[in-house]
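The values are calculated or read from the model by the stated rules, or taken from the named source; none is laboratory data. Predicted, not measured: the structure shown is a model, and the values here were computed from it. No Cβ is skipped: glycine too gets one built from the backbone with ideal geometry, and neighbour counts run over all protein chains shown.
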There are 4 protein chains.
Amino acid sequence: MVNSRRPGQSKEVSPRKENDLVEFLSGFSPDSVTLGTPIGFIVRNQDTRSSDYEALKGKFRPNHADYTYLKKYGIHDFRGGGRSSARDTVSRVVGGAIASQIIAKIGIKIDACLSRVGKTELTNPYDILMSGKKAFDSFPCPDKDIAEAMRREIMNAAKEHDSIGGTVSCVITGAPVGLGEPLAHKLHALLAESMLSINAAKGFEYGDGFKSAMQLGSEAMDCFNSDNNGNITLTSNHSGGIQGGISNGMPITFSVAFKPTPTIFRTIKTIDSNGEPTELTMTGRHDPCVAVRAVPVVKACAAMVMVDALIAANKYGTFNESVL
Amino acid sequence: MVNSRRPGQSKEVSPRKENDLVEFLSGFSPDSVTLGTPIGFIVRNQDTRSSDYEALKGKFRPNHADYTYLKKYGIHDFRGGGRSSARDTVSRVVGGAIASQIIAKIGIKIDACLSRVGKTELTNPYDILMSGKKAFDSFPCPDKDIAEAMRREIMNAAKEHDSIGGTVSCVITGAPVGLGEPLAHKLHALLAESMLSINAAKGFEYGDGFKSAMQLGSEAMDCFNSDNNGNITLTSNHSGGIQGGISNGMPITFSVAFKPTPTIFRTIKTIDSNGEPTELTMTGRHDPCVAVRAVPVVKACAAMVMVDALIAANKYGTFNESVL
Amino acid sequence: MVNSRRPGQSKEVSPRKENDLVEFLSGFSPDSVTLGTPIGFIVRNQDTRSSDYEALKGKFRPNHADYTYLKKYGIHDFRGGGRSSARDTVSRVVGGAIASQIIAKIGIKIDACLSRVGKTELTNPYDILMSGKKAFDSFPCPDKDIAEAMRREIMNAAKEHDSIGGTVSCVITGAPVGLGEPLAHKLHALLAESMLSINAAKGFEYGDGFKSAMQLGSEAMDCFNSDNNGNITLTSNHSGGIQGGISNGMPITFSVAFKPTPTIFRTIKTIDSNGEPTELTMTGRHDPCVAVRAVPVVKACAAMVMVDALIAANKYGTFNESVL
Amino acid sequence: MVNSRRPGQSKEVSPRKENDLVEFLSGFSPDSVTLGTPIGFIVRNQDTRSSDYEALKGKFRPNHADYTYLKKYGIHDFRGGGRSSARDTVSRVVGGAIASQIIAKIGIKIDACLSRVGKTELTNPYDILMSGKKAFDSFPCPDKDIAEAMRREIMNAAKEHDSIGGTVSCVITGAPVGLGEPLAHKLHALLAESMLSINAAKGFEYGDGFKSAMQLGSEAMDCFNSDNNGNITLTSNHSGGIQGGISNGMPITFSVAFKPTPTIFRTIKTIDSNGEPTELTMTGRHDPCVAVRAVPVVKACAAMVMVDALIAANKYGTFNESVL
């Protein structure tokens, strides 16, 4: 019932075996109809090996949250990455699976793919996603050749005990005009807040994004038109489906940059919690490219933002009907 | 007392004369000491010309919020851009002026500059800002030659009745370790939410940002070190001062992309609120490069996010002391 | 346009002359149609006499917030009672005036009256309010004899330079079934939170309230019935229109207890901010019975709670239509 | 580790056997130190008998939330009372058990007792609680004779297949001056909101409460004094430890009225979900006096409100230390 955040158990992802079994605690009647009550669930870790983390005790892993957590909370549970573990994303994926079913009822669809891994870039990812082209095999990129090149970059990084960054692009179609609030909760600000809460995310852009900074106003303009039936359309989508913070009926397009997985399997110099120099060899089961696994998480978070925006727009009723 | 959002009344910015007089309504004792009560203020529009907007009545300006507001609220006050007007930013600048004084008390400083206008880019803006180099003349870019090239791009766009995009880069120094929350309110997510609520913002990145997607893990690593006094430092700042959503004591670095001003002074085809084709000639007093004016707004919003994060961190007392 | 919180400028209320002129800053088009944007307004104090408060400087008035504010904020603006002044209620009355127009559109009506002043009690206030009987003359009690006795109690207290407590009872009719949330935001909890934020409020009860504690279950039962048209009704209203935290379609009934005005015009022993014994003679213009003035405030707060509950119930659209 | 909400498994309370086993899911290190991360737990229902509820299917129980929930959500899970079941209070008791340990660290203590059952009243409950007198035997009333009379009222009601109301009084001692916010989150408003979210609560009062409405200002006055050490004290506590919404250092005193248990074991007339008249015989395992069981819930909720107020007061650090 619930999409996994494991989009392809190919060799590019970590060998950790987690069946991610979801136990629902509340929110449904026996015949799977939602009751309007909070939906509670647990996904227990099935395959933890605290031993993998034993060697890290008291040492700060670079680019991890070990140091900041310790300073913030005065205590740090080093096992499994603690609260900053990407295991957190499993609950987003479950939430997103439910949210997706709600938005599907009014015709909203979300698709996402890898648009960059290291030096390999997929050009025009939004157009490709909108064309309905599906991801090749088990790897979340819909262009066969680009997918192959991305895989190669990941394998090469892994071979060198290194990791590599990537970008995820996402398109939301079918959203009605009017979602998002004018000032503090602009639709793209809500999306950014959600996407940048995913582990390893470093940047967010929507529509033409950072490319906008290089454009002239005359190049960036989305002109209004109306079709034969009097429906208002736009002749282009530089705005990414959002104007003044509010959805304009065009596809909502955005991308999220992810840094390379911070865990690399080399011995590196660091310090311990006493500030003394030490060495650290990270082991464990980590993906060489966290962006690969981020694709379903981006989709899930987007679905939840859309549901929130629909509720805030106060327009589509109480969602009382069964959606599962 | 309050920094203006008008950083240089040179010819690059619009000729609108707004003195932005702030009337404080509450929050201070007669001797300007804050009372712990809400600080209320008004900045009245001094120089509005609704006539400039009369010609727009019932027509949708491209890349503006006219259409989305009308669809969302069923009514649209076309005068002055209504609520989507960048006049909104004046209250952020006032709030930021107060916030800046609070954070200055614990040594937090914020500086920002233009790092791109169209094709002209300032390389390494964070390093330049951290070097303490100040903006050249009245234009918010600290490199004389780059500033000159940026001005030229803006003037050229204006000459063609066009507008141009730009990027603002910002550095926050002196922030203590531990600001930001681990999941939903990561410090960079709060910054993104705030920055993307500024008019015309299209993207946000922190640290190495979108460049991270092209990096190997071994390139992106910020290694821990300790100085002779046992203070923990990092040997680089790819992370942009934030790890796991929490400040790590290094400078916090981020950039915001702004699209070209949507108003350009040409006659363009559009439709009216009946869906009928029409023409539109935008007049009024608009900056050809909104990013120029965005610099003090970015600084102001950053200051407010830092105060919010300090309060959430629950660590620096009640800010009872007079800060003005 | 806006109901005053001055229900009868008779001699029972303080001689302070405040015209309570409301200046609206935002939220309306020129033809008084709401725009969906925030409604901002100011009511400036017209008739302040800081001199009345000069004698209080550095002395703690009993049952006022002087001491607690000073300890909480480290500073206290003694003039006019500062932020704990009942002047705060003027903004509630303005908000309530707008909220009342929204709820009137769907048939919700609110009435309230004094149900006790000192020893004088109005029995069955909810029934009397529901009968549509209006307040006698300029005094907010619909029973002529009881009103007269209440006035007498107030005059007697005033004559002795004393003050007196009272209770306000309120009935909300026409509310649809389904307002209020099941756990944390039960409708009666929202009402209580709002009512107990009014100055001098000491207690809140709904339906049979504290009397319920003396009842048997068989006495307190509201049995279901259906009329000839199949509409569901209840044969009594011990529940006060709310069951399980959610409105059940019956009139919502509640009462709020107010303590005597804490300012009494006698010389009393107290201490100063150094902890030294001193004497204090309170002057100024204060009502001997704050409950009298609380009647329109209770109504206003009730109207705002109903609008909030309607919005939370996500059922009655976006209130786009003009309501003023 | 966790106080039960079952204060005396005597025959006054329902024979349902629920061991209320708490499984903690997160928030603690292996040696029971809190980590600053959310504390998650589950208490599974051990002894549910849906069969008890089978006869109720489609019939509205008077004074229950069956009808309001059905109308609000369009669906109602009749088994076990669904979400309006008092089983909800078990999570409050767990939360309160943790909150109690936090506040105990700074000397805040909470005690509560039954102060009324039907006609039997405990006079001056706050004084008795402050005297440290403990509840008699297994029944939550510290006066032996009154406790006996209360038990008798409950047994008599039960014998008649009826139920009975009651009042719980609570005292919080050791709270510092300065908790609570001046307007919307007055300390007593927060307490009221919390207490009135407990099942069957009908009223809340603090300090002299509803009695205040009968008082003169000169009777209700709490005069300031200072002891030999210069500490500020008050000569009485009519205010119930809160002035202007903010704690004043005196004991915080409040009472909550509870209606009789709505389930009584008689055959009553009601209607079904088609609006047709029907009869209903409620069975199951219900306490004849819900107020008895409410005592530990009131204490738990009070503890959580105090922790929230401490956090909001931003004064006592980050509670990093181990509290369990």
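Can you pull out the residues in the range A:267-277 that are more than 7 Å from every other protein chain (Cβ to nearest Cβ) and not in a strand (DSSP E or B)?
Answer for the range A:267-277, where residues must be more than 7 Å from every other protein chain (Cβ to nearest Cβ) and not in a strand (DSSP E or B): A:Ser273, A:Asn274, A:Glu276.
Restricting attention to the range C:218-231, report how many residues are at pLDDT below 85 and not polar (S, T, N, Q).
At the first step, the residues of the range C:218-231 found to be at pLDDT below 85 are C:226-231.
Imposing the further condition that a residue be not polar (S, T, N, Q) reduces the set to C:227, C:230.
Residues meeting the conditions: 2.
Taking the conditions exactly as written (within 24 Å of A:Ile172 (Cβ to Cβ), within 30 Å of the chain's Cα centre (by Cα) and either free of Cβ contacts under 8 Å to residues at least 60 places away in the same chain or more than 8 Å from every other protein chain (Cβ to nearest Cβ) (or both)), does A:Ser236 satisfy them or not?
Answer is yes for this residue.
Checking C:Pro125 against (1) surrounded by fewer than 19 Cβ atoms within 10 Å (Cβ to Cβ); (2) in contact with a strand residue (DSSP E or B) (Cβ under 8 Å, 6 or more places away or on another chain): exactly one of these is not met. Which one?
It fails just one condition, (1).
So which residues in the range B:294-324 are at pLDDT 85 or above and either assigned to a loop (DSSP other than H, G, I, E, B) or surrounded by fewer than 18 Cβ atoms within 10 Å (Cβ to Cβ) (or both), if there are any at all? Full working, then the answer.
To start, the set of residues in the range B:294-324 that are at pLDDT 85 or above comprises B:294-310.
Of everything in the range B:294-324, just one residue is at pLDDT 85 or above and either assigned to a loop (DSSP other than H, G, I, E, B) or surrounded by fewer than 18 Cβ atoms within 10 Å (Cβ to Cβ) (or both), namely B:Asp308.
Filter the range B:219-248 for residues that are more than 23 Å from A:Phe204 (Cα to Cα) and not aliphatic (A, V, I, L, M) and give the result. Break it down into steps so the answer makes sense when it comes.
Here is the first cut: in the range B:219-248, the ones more than 23 Å from A:Phe204 (Cα to Cα) are B:223-235.
Scanning the range B:219-248 gives B:Cys223, B:Phe224, B:Asn225, B:Ser226, B:Asp227, B:Asn228, B:Asn229, B:Gly230, B:Asn231, B:Thr233, B:Thr235.
What about D:Glu160, is it over 30 Å from D:Lys105 (Cβ atoms) and over 19 Å from the mean Cα position of the chain (by Cα)? Walk me through it before giving the result.
Values: over 30 Å from D:Lys105 (Cβ atoms): yes; over 19 Å from the mean Cα position of the chain (by Cα): yes.
Yes: the conditions hold for D:Glu160.
For the structure I just gave you, tell me whether C:Thr263 is at pLDDT below 90 and outside any loop (DSSP other than H, G, I, E, B). Step through it out loud before you land on a result.
Values: at pLDDT below 90: yes; outside any loop (DSSP other than H, G, I, E, B): no.
So C:Thr263 fails the test.
Being over 27 Å from D:Val177 (Cα atoms) and among the aromatic types (Phe, Trp, Tyr) is the filter here; which residues of the range D:220-273 pass it?
If the condition is that a residue be over 27 Å from D:Val177 (Cα atoms) and among the aromatic types (Phe, Trp, Tyr), then D:Phe258, D:Phe265 are the ones that fit.
Provide a single number: the residues in the range D:278-293 that are away from chain C (no Cβ under 11 Å) and part of a helix (DSSP H, G or I).
2
Listed here are the residues, each with its yes/no results for (1) more than 18 Å from A:Gly240 (Cα to Cα); (2) within 18 Å of the chain's Cα centre (by Cα); (3) at pLDDT 95 or above.
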residue	(1), (2), (3)
A:Lys119	yes, no, yes
A:Asn124	no, no, yes
A:Ala135	yes, yes, no
A:Pro140	yes, yes, yes
A:Lys144	yes, no, no
A:Arg151	yes, no, yes
A:Thr167	no, yes, yes
A:Pro182	no, no, no
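D:Ala175 is checked against (1) more than 25 Å from D:Arg293 (Cα to Cα); (2) touching a Lys or Arg at 6+ places or on another chain (Cβ under 8 Å); (3) aliphatic (A, V, I, L, M) and fails just one. What number does that condition carry?
Result: D:Ala175 passes all but (2).
Yes or no, residue by residue, for (1) crowded, with 19+ Cβ neighbours inside 10 Å; (2) farther than 13 Å from A:Cys289 by Cα:
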position: A:Ser138; (1), (2): no, yes
position: A:Lys144; (1), (2): no, yes
position: A:Val168; (1), (2): yes, no
position: A:Gly180; (1), (2): yes, yes
position: A:Ala184; (1), (2): no, yes
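Please count how many residues of the range A:109-126 are in a loop (DSSP other than H, G, I, E, B) and facing another protein chain (nearest Cβ under 10 Å). Walk me through it before giving the result.
Just the residues of the range A:109-126 that are in a loop (DSSP other than H, G, I, E, B), to begin with: A:118-119, A:122-124.
Now restrict to residues that are facing another protein chain (nearest Cβ under 10 Å): A:118-119.
Matching residues across the range A:109-126 total 2.
Do the conditions hold for D:Ile172, that is, is it assigned to a strand (DSSP E or B), more than 8 Å from chain C (Cβ to nearest Cβ) and either in contact (Cβ under 8 Å) with a residue 40 or more places away in the chain or under 20 Å from D:Ala303 (Cα atoms) (or both)?
Values: assigned to a strand (DSSP E or B): yes; more than 8 Å from chain C (Cβ to nearest Cβ): yes; either in contact (Cβ under 8 Å) with a residue 40 or more places away in the chain or under 20 Å from D:Ala303 (Cα atoms) (or both): yes.
Considered against the rule, which asks whether it is assigned to a strand (DSSP E or B), more than 8 Å from chain C (Cβ to nearest Cβ) and either in contact (Cβ under 8 Å) with a residue 40 or more places away in the chain or under 20 Å from D:Ala303 (Cα atoms) (or both), D:Ile172 comes out as yes.
Tell me whether the range D:72-82 contains one or more residues that are in a helix (DSSP H, G or I), in contact with a Leu (Cβ under 8 Å, 6 or more places away or on another chain), more than 25 Å from D:Met304 (Cβ to Cβ) and within 14 Å of chain C (Cβ to nearest Cβ).
Taking the range D:72-82 first, the residues in a helix (DSSP H, G or I) are D:72-73, D:79-82.
Those still in the list that are in contact with a Leu (Cβ under 8 Å, 6 or more places away or on another chain) too: D:73, D:82.
Checking which are more than 25 Å from D:Met304 (Cβ to Cβ) leaves us with D:73.
Adding the requirement that they be within 14 Å of chain C (Cβ to nearest Cβ) leaves D:73.
Checked against the condition, which is being in a helix (DSSP H, G or I), in contact with a Leu (Cβ under 8 Å, 6 or more places away or on another chain), more than 25 Å from D:Met304 (Cβ to Cβ) and within 14 Å of chain C (Cβ to nearest Cβ), the range D:72-82 yields at least one hit.
Considering the range C:233-258 alone, what residues qualify as being part of a strand (DSSP E or B), surrounded by fewer than 24 Cβ atoms within 10 Å (Cβ to Cβ) and among the polar types (S, T, N, Q)?
From the range C:233-258, those part of a strand (DSSP E or B) are C:233-234, C:242-243, C:246-247, C:252-258; that's our starting set.
Checking the rest, the ones that are also surrounded by fewer than 24 Cβ atoms within 10 Å (Cβ to Cβ) come to C:233-234.
The one that is part of a strand (DSSP E or B), surrounded by fewer than 24 Cβ atoms within 10 Å (Cβ to Cβ) and among the polar types (S, T, N, Q): C:Thr233.
Criterion first (crowded, with 22+ Cβ neighbours inside 10 Å and within 28 Å of C:Leu183 (Cβ to Cβ)) does D:Arg87 satisfy it? Outline the logic, then answer.
Details: crowded, with 22+ Cβ neighbours inside 10 Å: no; within 28 Å of C:Leu183 (Cβ to Cβ): yes.
No.
So, in the range A:182-193, of the ones that are at the interface with another protein chain (Cβ under 8 Å from one of its Cβ atoms) and in contact with a helix residue (DSSP H, G or I) (Cβ under 6 Å, 6 or more places away or on another chain), which residue ends up nearest to B:Ser84 (Cα to Cα)?
Checked the range A:182-193; the qualifying residue nearest to B:Ser84 (Cα to Cα) is A:Pro182.
What number of residues in the range D:136-169 are within 9 Å of another protein chain (Cβ to nearest Cβ) and not hydrophobic (A, V, I, L, M, F, W, C)?
Number satisfying all stated conditions: 7.
Yes/no matrix, rows are residues, columns are (1) closer than 30 Å to A:Val292 by Cβ; (2) modelled with pLDDT of 50 or more; (3) surrounded by fewer than 12 Cβ atoms within 10 Å (Cβ to Cβ):
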residue: A:Val2; (1), (2), (3): yes, no, no
residue: A:Arg5; (1), (2), (3): yes, no, no
residue: A:Gly8; (1), (2), (3): yes, no, no
residue: A:Ser14; (1), (2), (3): yes, yes, no
residue: A:Lys17; (1), (2), (3): yes, yes, yes
residue: A:Asp20; (1), (2), (3): yes, yes, no
residue: A:Phe24; (1), (2), (3): yes, yes, no
residue: A:Ser29; (1), (2), (3): no, yes, no
residue: A:Leu35; (1), (2), (3): no, yes, no
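Within the range B:184-232, work out how many residues are β-branched (Val, Ile, Thr) and either without any contact (Cβ under 8 Å) to a residue 12 or more places away in the chain or in a helix (DSSP H, G or I) (or both). Outline the logic, then answer.
First, pick out the residues of the range B:184-232 that are β-branched (Val, Ile, Thr): B:198, B:232.
Then drop every residue that is not either without any contact (Cβ under 8 Å) to a residue 12 or more places away in the chain or in a helix (DSSP H, G or I) (or both), which leaves none.
Residues meeting the conditions: 0.
Tell me, yes or no, whether the range C:198-220 has at least one residue that is at the interface with chain D (Cβ under 7 Å from one of its Cβ atoms) and of a type in the set (Val, Ile, Thr). Working first, answer last.
Step one: of the range C:198-220, the residues at the interface with chain D (Cβ under 7 Å from one of its Cβ atoms) are C:202-210, C:212-218, C:220.
Going one step further and asking which of them are of a type in the set (Val, Ile, Thr), we end up with none.
So far as the range C:198-220 goes, no, none of its residues is at the interface with chain D (Cβ under 7 Å from one of its Cβ atoms) and of a type in the set (Val, Ile, Thr).
Every residue in the range B:152-169 that is among the charged types (D, E, K, R), part of a helix (DSSP H, G or I) and more than 22 Å from B:Ile198 (Cβ to Cβ), please. Spell out how you get there, then give the answer.
We begin by selecting, within the range B:152-169, every residue among the charged types (D, E, K, R); these are B:152-153, B:159-160, B:162.
So of that shortlist, the ones also part of a helix (DSSP H, G or I) come out as B:152-153, B:159.
B:Arg152, B:Lys159, listed by residue number.
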